[in-house]
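One structure is given here, and the rest of the page talks about it.
The values are calculated or read from the model by the stated rules, or taken from the named source; none is laboratory data. Quantities reported herein were computed from a predicted structural model and do not represent experimental measurements. Virtual Cβ from ideal backbone geometry, glycine too; neighbours counted across all protein chains shown.
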Amino acid sequence: MAKTKRTAAPSLPRPLGVERFEAMPLDEVVAALGIPHHARAALWTLVAAGPEAVQAVKLGLQSPSAAVRRGCCEYLDLYGD
């Protein structure tokens, strides 16, 4: 009987531009949620950081930018406590 090769577990989606956020502090990534052409990549960077990003995201809820607050709420839908 031939051995079957296991496929790797699926990974998180990586939108274009996510590389620029990987080395940034999480509070700067949260601020990038307010920039329309960076928002998706910033959100997925926060999702990849997991619960580690919760504190920065909670601070982002106080942002004057509605787009930042919306992105923070979207993240908290996944990792809220």
Test each condition in (1) within 12 Å of the chain's Cα centre (by Cα); (2) at pLDDT 80 or above; (3) aliphatic (A, V, I, L, M) for Leu59 and report the one that comes out false. (1)
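Modelled with pLDDT of 90 or more, under 16 Å from Glu19 (Cα atoms) and in a helix (DSSP H, G or I), is that true of Val68? Lay out the reasoning, then the answer.
Details: modelled with pLDDT of 90 or more: yes; under 16 Å from Glu19 (Cα atoms): no; in a helix (DSSP H, G or I): yes.
So Val68 fails the test.
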Can you tell me which residue among Ala41, Ala31, Ala56, Ala49 is in contact with a Ser or Thr (Cβ under 9 Å, 6 or more places away or on another chain) and either free of Cβ contacts under 8 Å to residues at least 40 places away in the same chain or part of a helix (DSSP H, G or I) (or both)? Ala31
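Yes/no matrix, rows are residues, columns are (1) modelled with pLDDT of 95 or more; (2) surrounded by 14 or more Cβ atoms within 10 Å (Cβ to Cβ); (3) more than 16 Å from Leu76 (Cβ to Cβ):
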| site | (1), (2), (3) |
| --- | --- |
| Pro13 | no, no, yes |
| Ala32 | yes, yes, yes |
| Arg40 | no, yes, yes |
| Trp44 | no, yes, no |
| Ala49 | no, yes, no |
